[in-house]
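What follows is one structure encoded as structure tokens, with my remarks underneath.
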Amino acid sequence: MNKVYNNIKKKLENFFIRVPLAEKILFAKHLSMMINAGMTEIESIRLIRKQIKSRSFGKILDKIIFDLEGGIFLSVSLKQFSGIFGEIFINLIEIGEITGTLSQNLNHLSAELKKSYQLRSKVVSALIYPAVILAVMAGVGGMLIFFVLPKIVPMFSNANIELPMETKILLAFSGFMLNHYLLVIFGFFIFFIIATFLLMIPIVKFYYHRFILFLPLIGKIVINYNMTNISRTLGIFLKSGIKIVEAVLMSVNITKNSVYKKYLYLAAEEVKKGESFYKSFENNPKIFPPTLTRMIEVGEKTGKLEENLFYLADFYESEVDEVTKNLSSILEPILLVVMGSLVGFVVVSIIRPIYEISQSVTK
């Protein structure tokens, strides 16, 4: 009972600790350089600790130093912070400690994490413009509903004219939002909670992730993003000396998309039976592109699987980069048309009855 309580307590404590990926990259890079220069793990981490400004990361390093002083391996100490460092980070350090290649593994890890960081930054940057446009649209809509329309409605109510249909729709929507805005906010909140809980159900999460993969444009980005991460992760593990089955199973735990988790697990099971790794992907060309399958096949047959996986990681990263570069130019005209249509609808809905009122007055 105490063990369960301690595990829950540890998870809750780690839940509120956040260490930026950039800091973890620097940690791996500096630790690699210092160990390669002949310093011990504990000496290296003490020196890194003095340079760390982040309070949360500093506390983590203090605990790691304490563990190392007590004779605990670095990989074992890191496992209590698995939610922060991730399995690939911890596994590569553990393998490095066993094989005596810790410095090389850390150096390779920092380089690959840097690529992952750059890829994530590109995707986020591509989404900033659409997010800003949507925020502006929401802000303008809110100002119209809560400040502009309430001043115009009395004028329409007192006029003895038949309001156009678009004006009736606008006024009905505005009235509903004004009178029930708390209900709307509460509804969104409840929807968010229900959606969050539903996505905790494995089968729901699986089909949600599968649905995203087949969305136009977004699906391509998600597929290429996953291909990059899966190829890079497998390449890192194989380079560290891990066997293919173990490498694939480790990748299952690291991959976040439920669809790829399932098919990677099935691939590992097939490899256990003696099947070639690439054959597991051949029947799912929409999820695993033919380029990936063929490169893995060639890699297995020529003994260059590790090299081919790193090539694939770079290839799909460039694909994501290309799509995200064009994302803004693709979405910009669509968002502008939508925004212009909404603004035009509102303007016509307001101007048209005002014009009719002025016409009736002149008569």
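Coordinate-derived values only; no laboratory data. Worth saying up front: this structure is predicted, and the values here are computed from it rather than measured. Methodologically, a virtual Cβ is constructed for each residue, glycine included, from the backbone with ideal geometry; neighbour enumeration extends over all protein chains shown.
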Task: Value at 222 nm in deg cm²/dmol, rounded to 500, when DSSP H runs of n ≥ 4 in the chain each add -39,500 (n - 2.57) - done: -28000 deg cm²/dmol
Open item on the list: I need the peptides 183-190, 23-30, 287-294 ranked by packing, meaning the mean over residues of other C-beta atoms within 10 angstrom, with the highest value on top.
Closed with: 23-30, 287-294, 183-190
TODO: May I ask you to order 149-156, 119-126 by the average number of other C-beta atoms within 10 Å around their residues, highest value first?
DONE: 119-126, 149-156
Open item on the list: Between ILE169 and ASP62, what is 0.36 nm times their sequence separation minus the Cα-Cα distance? Round to one decimal in nm.
Closed with: 32.3 nm
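Ordered by packing density, taken as the mean number of other Cβ atoms within 10 Å over each peptide's residues, highest first, how do 319-328, 305-314 rank? The partial results should precede the final answer.
Working: 319-328: 16.9, 305-314: 19.5.
Taking the mean over residues of other Cβ atoms within 10 Å, the ranking is 305-314, 319-328.
Can you give me the span-like helices of the chain, meaning DSSP H runs with 30 Å or more of Cα extent along the axis and Kyte-Doolittle mean at or above 1.6? List each step's numbers first, then the result.
On the way: long enough: 102-143 (58 Å, 0.55); 165-198 (40 Å, 1.79); 218-239 (31 Å, 0.54); 305-362 (83 Å, 0.72).
Helices meeting the span and hydropathy rule in the chain are 165-198.
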